[in-house]
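First up is the structure itself, then whatever we jot down about it.
What follows draws every value from the coordinates through simple rules; no lab data is involved. Remember, it's a predicted structure, so these values are computed and weren't measured experimentally. Quick reminder, even Gly has a Cβ in these numbers, built from the backbone with ideal geometry, and neighbours come from all protein chains shown.
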Amino acid sequence: MKKFLLSMMALVGMCTMASAETVTFPTTAGDWTEYTWTQSGDNFTGNVGGYTFLLAKNTSSSTLVAPDTYSIRVYAGANLTITAPAGTVMTQVEGVTAASSKATGTSVQGSWKNETGTITAGVDQAFKFTTTTGQASITFDGDGKQLRIKTITITFSAGTANTKNTAHPTHRLT
């Protein structure tokens, strides 16, 4: 009986360590300027609540702009990469696009699953991506247009039970 109770206590302890939590950005009603964004060439990097957001031009023909009061603008050909703090495993990324978005499509790479389907231009729309590994990429295909992201909510698990081989899991909207 003593071994059984000890085993049950260990199981409960492991489940507690692997519990999921969420964090939403930006924390102030859609104002991405609350974070410091550094420009390097055509790219912008921000430290957003311990996460690193990299908005990179890549093959985009558009000049990128720093995230503003209303949104992060991801133009076709550009990437938005979100890197979690060490020891954090992202399992779900949700967000809301602005009605001023002109993008109409998304596709998924790696182990991330698009739970939303096609993004509709001209309306505020929620999007959701999930994964079982926390380490993969999501590609944005805007048909030469832009995706304006108003908010991003990341569901993550952290703790010693989840840190093996997950030092810097990354999520990327391209």
Practice item. Report the local net charge at T153: Lys and Arg +1, Asp and Glu -1, summed over other residues whose C-beta lies under 15 Å from its C-beta. Key: -2
Point to revise | Gyration tensor verdict on the range 48-132 (Cα atoms; rounded if a/c is under 1.5, prolate if a/b is larger than b/c, oblate otherwise) | key: oblate
Study note, to complete from the structure: Full extension between S61 and T22 adds, at 0.36 nm per residue less the Cα distance, a length in nm of 10.6 nm
Review point. So, counting K/R as plus one and D/E as minus one, what does the shell of residues with Cβ under 12 Å around T116 add up to?
Key: 0
**Study point:** Ordering of 84-90, 45-51 by packing [mean C-beta count within 10 Å, highest first]
**Key:** 84-90, 45-51
